[in-house]
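The values are calculated or read from the model by the stated rules, or taken from the named source; none is laboratory data. Model, not experiment: these values are computed from the prediction. No Cβ is skipped: glycine too gets one built from the backbone with ideal geometry, and neighbour counts run over all protein chains shown. Ligands, DNA and RNA are stripped out before the accessible areas are found, and what is left, the full protein with its side chains, is counted by its heavy atoms. Shrake-Rupley method; radii C 1.70, N 1.55, O 1.52, S 1.80 Å.
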Amino acid sequence: MFEVTVKSPEATMALGQRLAPSLQPRDVILLDGDLGAGKTTFTKGLAQGLGITRNVKSPTFTIIREYQGGRIPLYHMDVYRLEEGGGDELGLDEYFNGDGVNVVEWSTFIADELPANYLRIVFKRDDAAGENQRTLRFEPQGAHFEKLVQHLEDASHE
């Protein structure tokens, strides 16, 4: 586990950009935490780091947005509206076993659909410390993601 504090949306995006070069097809990144804590902002940085030039928007009402044109595709999912169930009807296995990076916001609503290996990032607003301050906690599941998080942590100390 690795925790980092960011003080601006730009710093949140930069963290996503730093993570992107290490990502591979079929990687699953879970973004959980408070509303307005920076999950979509982080995903914008991830997209930029993958070389995707399209504007990344929250997929709240579409559930899944697909972004092509980068090093590998990015599949951005917001499954908040599936809290009553229904994730099995989206064909998530096809995405998780496909050709791109999968970013899932509100992953607790599809916990039964998740693969064994993933990187969960928990976003926490630190409103008392400043309007834009956030704490991001990286929780890797599996050797690939442990190595990825270690690389991020090492880079943050340089």
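Summary table
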| item | result |
| --- | --- |
| Hits in the range 149-158 - residues which are among the hydrophobic types (A, V, I, L, M, F, W, C) and over 21 Å from Lys124 (Cα atoms) | Ala155 |
| Selection within the range 92-111 - open to solvent by 20 Å² or more (accessible area, probe 1.4 Å), over 18 Å from Leu23 (Cα atoms) and either touching a residue at least 24 places away in the same chain (Cβ under 8 Å) or polar (S, T, N, Q) (or both) | Trp106, Thr108, Phe109 |
| The range 112-128 - residue that is farther than 29 Å from Gly91 by Cα and touching a residue at least 60 places away in the same chain (Cβ under 8 Å) and, of those, most open to solvent (accessible area, probe 1.4 Å) | Lys124 |
| Members of the range 12-29 that are of a type outside the set (Ser, Thr, Tyr), part of a helix (DSSP H, G or I) and either more than 16 Å from Val122 (Cα to Cα) or touching a residue at least 40 places away in the same chain (Cβ under 8 Å) (or both) | Ala14, Leu15, Gln17, Arg18, Leu19, Ala20, Pro21 |
| Cross-chain or 6+ apart pairs with Cβ under 7 Å, the range 131-158 first and of a type in the set (Asp, Glu), then not in a helix (DSSP H, G or I) | Glu139/Met1; Glu139/Arg120; Glu139/Val122; Glu146/Pro140; Glu153/Phe2 |
| Selected residue [open to solvent by less than 90 Å² (accessible area, probe 1.4 Å), at pLDDT below 90 and at positive phi] from Gly142, Gly69, Gly85 | Gly85 |
